Each structure stands twice: as C-alpha cells, then as structure tokens.
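The values are calculated or read from the model by the stated rules, or taken from the named source; none is laboratory data. Small disclaimer: the values here were computed from a predicted structure and weren't measured. When we count neighbours, we look across all protein chains shown, and the Cβ atoms used for this are built from the backbone with ideal geometry, even at glycine. What goes into the accessible areas is simple: the full protein's heavy atoms, side chains included, and nothing from ligands, DNA or RNA. Shrake-Rupley method; radii C 1.70, N 1.55, O 1.52, S 1.80 Å.
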Amino acid sequence: MLKAAGGNLPKNVTMTMSMRSLSMSSPTLYAKPVGTPGGKKKMLFNPKTMKNALPGQSETKVKKAGMTHLDFDDAIRSMKFYKNGTDLKPLGLSTLNPNNLSESKSTVVKYTSKCQRTLGYLGGIKKFQNNELYRHPVTLVTENTTRINEEFISKLDNSSSKENRLALIGSRGVGKSTVLAQAHALALEKFEKDVIILHINLGEQIVNGTNDYVFNPKLNKYHQPMFTKRLIHKLRLSNEEIFRKLKLSKDYTFSNRRQEFNLKKGENTLYDFLKNNKDFGKFGPNDAFQTFLEELLIQSETVPVIFSIDNVNAILDFPITKYRKPDFSPIRIEELEIGSFILDFLSGEKSFNKGGILIAKTGIIGTAEKTLDVALGIEENDPYAKSEIFDYDICVKLRENGGIKPFKIENFTKDETKQLMNFWRIIGSLPVKQFYTKEVDKTSEELSAEGGNEQFDLEIQFERMVNNNYTISSGNPHYLFKTSMLSY
C-alpha cells in the first residue's frame with residue numbers, strides 16, 4: 001500500500017493508486033526523448049551510414065555505388081546501352097529477305113524497321129544475344145536460315161498448320177531463338193506483312209505459377225487473366241497492320257467500362273475487337289480468348305497464321321504446373337485454357353487452314369526430362385522412366401497426325417565463323433592485336449627492326465584468331481562470342 005509523506009492516504013485513494021501501479025501502462029504515459037520523433041533515441045553510431053554523429057549533428061546518407069539495381073543483362077536494355085553501339089548505316093548492310101538468301105549467305109544482314117518493331121513486340125530479340133554491340137540488331141544468314149525458308153516459310157500459303165509443324169532442336173547456344181526470329185522476319189517480308197504471327201517467347205511463364213488464375217465451369221478449364229491480357233496486347237501491337245484489314249465474321253456485343261460495344265460483321269475489324277474487349281484480363285469466366293481463336297481459324301482461309309513458342313520444353317517436359325486446385329492437387333497443362341490451346345494445335349487436333357507451327361527448345365532448362373525428345377523421335381521410349389522425367393500422355397498427343405518434325409540447328413561453318421568475326425573486326429568490337437613473341441616486352445615490329453625475322457601481318461594474325469576460336473567453340477555462336485569478344 002502506498003503512503004503519503006505526511007501520513008496514511010484515504011482508503012479509496014490508496015486502492016486506486018495501487019491498481020494503477022499494477023496495470024500495464026501505455027507508452028504514451030512516459031516522457032519522450034527531446035528532439036527525436038516518435039520517441040526513438042538517436043544512435044551516436046549508425047552502421048548503415050558508417051559515420052560517427054555527434055548529438056545535434058545531422059547525418060548524411062551514403063550514395064549507393066552503381067547506376068542501377070538491375071543485373072547486367074537487364075541493365076543494358078533498360079539503360080539503352082545499344083544507343084552507344086556502332087552505327088551500322090555507313091556499312092550499307094542489306095536486309096533479310098527470302099528473295100536474296102542465296103546472295104546473302106554467310107553475310108551479316110539487318111532487319112527492316114517494321115520487322116524490328118514487330119520482333120520487339122513479340123520478344124523475338126532477346127536480352128542474352130549481346131545486342132548492345134550494335135545500334136540496331138543484326139543477324140548472320142547461315143545454312144540454317146536457308147533451310148528454314150525452304151522447309152517452313154515456303155509452305156505457309158499452301159499447307160495447313162497440321163501439315164507444317166517443326167521443332168527447332170540443338171545444343172545450348174547454337175542459335176535456336178535466332179533462327180526463330182529469322183523465320184518471323186522472312187514470313188513478314190515474303191507476305192508483305194499479310195501474315196499473322198502468334199508467338200509466346202517464354203513458355204515457362206505459363207506453368208511457373210506467377211499468374212493469377214480462375215476456373216471456368218463452362219469450359220472446364222482455368223483462365224490466366226493477367227497472362228492472357230498481356231499476350232493479347234503484344235499480339236495486337238505486333239499484328240496491327242493485318243488485324244486492321246480483317247473484317248469480323250460475326251456480330252459481337254460486349255461491355256467495357258459501362259459502355260456497350262456492338263461490332264458488326266463485315267464492318268468492324270479484328271483489331272477493333274481486340275482493342276475494345278477487355279474480357280481477356282477479366283478475373284472471371286468468359287469466352288473472349290475462345291472467340292479470338294474462332295476468328296483466327298476463319299481468317300486463316302485467306303491469311304497464313306504462324307503459331308510459335310520459344311522455350312517450349314518448359315511446358316511439354318513439365319506438364320504438372322505450379323498451380324493448385326481448391327483441394328491442393330496440382331493442375332496439369334491441359335487443364336489451363338492456354339495450355340489446352342497449345343496442345344490442340346501442336347498435336348494437329350486443331351489446325352489453321354494456312355500456316356504453320358514452329359517451336360524451339362531451350363538448353364537452359366529440362367536437361368533430364370525426355371517427353372519432347374521421345375515425341376520427336378530423338379530418344380527411345382523408356383517404359384520404366386519416372387513420371388517426373390517422362391509424361392506418356394503428352395508424348396502420345398504430340399505424335400498425333402504425323403507428329404512434329406525435328407529441325408536440327410547446326411553450328412557455324414568455318415566460313416560463317418570467319419565472316420562474323422570479320423564483321424566484329426570492322427565495327428571495332430574485335431581488335432586484332434599485334435602478335436607478341438616469347439620476349440613479351442617486345443612486339444614483332446620491334447624485333448623486326450632489330451634484324452629479326454618476325455613480321456607482323458594483320459591478316460595472318462586474324463586468320464590465327466579465326467582458327468583458334470573456331471577450334472575452341474566448334475562454331476557454336478554462344479561459345480564463339482565468349483572466346484572472341486570476352487577474351488580480347
């Protein structure tokens with residue numbers, strides 16, 4: 001019990017103060033340190049700023065090193081380092097065109113401005129292809145380019161997509177994505193933009209669980225609204241010119257932002273439908289994507305349609321996705337709306353009247369999985385393989401209607417390697433250094449002035465570099481760049 005200095009307190013006062021002394025008081029009852037907001041004490045030593053601060057002295061923030069928080073491969077794109085690349089206009093490079101491939105063989109060419117813009121929308125020009133060396137992307141016409149033109153592009157307007165299905169295969173860094181981009185550019189040039197390109201540049205984004213999804217009981221499939229919305233946006237921008245020409249085959253009525261749209265058959269275009277219909281990104285059951293596919297099937301009677309996927313083994317070799325049902329059982333690829341669309345066209349169950357299917361593997365993921373390789377006939381079927389490595393149902397579906405034919409991408413030849421390295425040499429990215437002898441302090445020119453026999457010849461040294469780098473890389477573009485550019 002508390003007592004006053006001069007005697008005992010009244011009983012009621014004593015009880016009140018006693019109870020208050022046993023309660024948990026709010027921090028606001030205590031006095032705050034002067035000069036610090038929120039009652040926080042100022043530290044004399046701040047480990048973040050690594051500075052000893054005296055009381056009343058303001059601390060200054062230490063500026064972080066570096067120009068960006070992004071990794072190198074992302075930084076060179078976001079900071080537009082390609083603008084500092086070599087200007088290629090003085091070189092007078094020719095453009096990639098199916099009509100002059102024989103003349104452009106083993107030479108470096110550029111894309112037309114329209115093709116470059118389309119490839120940019122589709123994601124065909126990837127960040128790992130070292131495009132920061134040039135102000136505008138370039139490509140090398142190889143034997144692979146000629147073959148893809150003869151075996152795929154030439155069949156787009158006279159065969160269905162079921163009859164024209166190719167899978168680009170090869171070792172890592174051999175140039176599968178590059179040939180895929182070349183095929184798109186060749187098709188755009190051949191048909192003068194009157195071709196529809198449906199391209200998914202990163203197949204793993206469909207199955208890795210990074211997108212929202214919702215069940216559609218009518219289709220018995222799962223929508224991926226965010227992924228579908230972004231895909232439609234890219235396709236609308238990249239195919240704008242042809243979509244504006246294609247008239248709708250039916251009347252469509254839908255609402256968007258409290259506004260009702262009535263699109264008329266034969267008047268409005270497919271571009272109007274994609275631009276005004278926002279149901280693709282709606283988090284709820286809808287049939288917008290199915291309607292788009294129905295229109296494409298009808299329009300493919302007159303306009304070729306290319307459906308292509310890069311990193312396709314991320315989908316086919318991993319059919320059990322990262323998504324889960326309400327009972328937490330995994331969702332398979334065919335249970336997704338986009339996944340079902342992919343399997344239907346890759347198997348030939350659904351087909352465009354004119355067009356083709358072009359898919360490409362990646363060597364970065366799925367080195368142990370064998371579903372796609374067995375479906376393509378590259379490897380034999382192992383009846384004892386675990387389900388995580390081989391999916392029988394997907395393999396059987398891909399083999400339907402004659403199956404997908406493998407198209408192997410070959411390494412550069414010796415001549416192609418020399419032409420590419422010579423191009424790097426011309427633009428100044430690959431300096432041909434003087435040949436240094438065992439006497440490392442003297443160049444061959446200095447030794448020659450002293451009466452030695454060593455003579456420095458620029459062309460001989462370049463030939464040595466070509467032979468050496470071709471031997472090391474075996475003509476693989478990925479390793480050729482490492483041995484040539486990063487070593488000099």
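Some observations on this one:
- Those residues of region 160-181 which are farther than 29 Å from L480 by Cβ and outside any loop (DSSP other than H, G, I, E, B), in sequence order: R165
- Within region 148-159, one or more residues are open to solvent by 10 Å² or more (accessible area, probe 1.4 Å), in a loop (DSSP other than H, G, I, E, B) and polar (S, T, N, Q).
- Among the residues examined, F318 does not qualify as open to solvent by 50 Å² or more (accessible area, probe 1.4 Å), in contact with a strand residue (DSSP E or B) (Cβ under 9 Å, 6 or more places away or on another chain) and in a loop (DSSP other than H, G, I, E, B).
- Contact map, region 354-379: residues that are within 16 Å of S177 (Cα to Cα) and of a type in the set (D, E, K, R) paired with residues that are assigned to a loop (DSSP other than H, G, I, E, B) and open to solvent by 20 Å² or more (accessible area, probe 1.4 Å), Cβ distance under 8 Å, separation 6+ or inter-chain. Pairs shown: K361/G170.
- Filtering region 112-148 to residues that are under 28 Å from H233 (Cβ atoms), in contact (Cβ under 8 Å) with a residue 12 or more places away in the chain and more than 19 Å from the chain's Cα centre (by Cα) leaves T112, K114, Y134, R135, I148.
- When the test is whether a residue is surrounded by fewer than 17 Cβ atoms within 10 Å (Cβ to Cβ) and assigned to a loop (DSSP other than H, G, I, E, B), E241 does not pass it.
- The set of residues in region 382-406 being loosely packed, with under 13 Cβ neighbours inside 10 Å, over 20 Å from G339 (Cβ atoms) and not hydroxyl-bearing (S, T, Y) consists of D382, P383, K386, G402.
- Residue match in region 419-430 (condition: part of a loop (DSSP other than H, G, I, E, B), in contact (Cβ under 8 Å) with a residue 24 or more places away in the chain, over 20 Å from S171 (Cα atoms) and touching a Phe, Trp or Tyr at 6+ places or on another chain (Cβ under 6 Å)): yes
- Residue within region 115-132 that is open to solvent by less than 60 Å² (accessible area, probe 1.4 Å) and acidic (D, E) present: yes
- Subset tally (residues that are under 24 Å from K155 (Cα atoms) and out of contact with any Lys or Arg (no Cβ under 7 Å at 6 or more places or on another chain)) for region 83-95: 0
- Counting only strands (runs of 3 or more DSSP E) wholly contained in region 182-232, the ones carrying 2 or more residues that are aliphatic (A, V, I, L, M), in the same structural domain as L119 (by TED's automatic domain parsing) and open to solvent by less than 10 Å² (accessible area, probe 1.4 Å) occupy 196-200.
- With respect to the stated conditions, R236 fails to be in contact with a helix residue (DSSP H, G or I) (Cβ under 6 Å, 6 or more places away or on another chain) and open to solvent by 80 Å² or more (accessible area, probe 1.4 Å).
- Some residue of region 86-99 being in contact with a Ser or Thr (Cβ under 6 Å, 6 or more places away or on another chain) and either in the same structural domain as R425 (by TED's automatic domain parsing) or at pLDDT below 90 (or both): no
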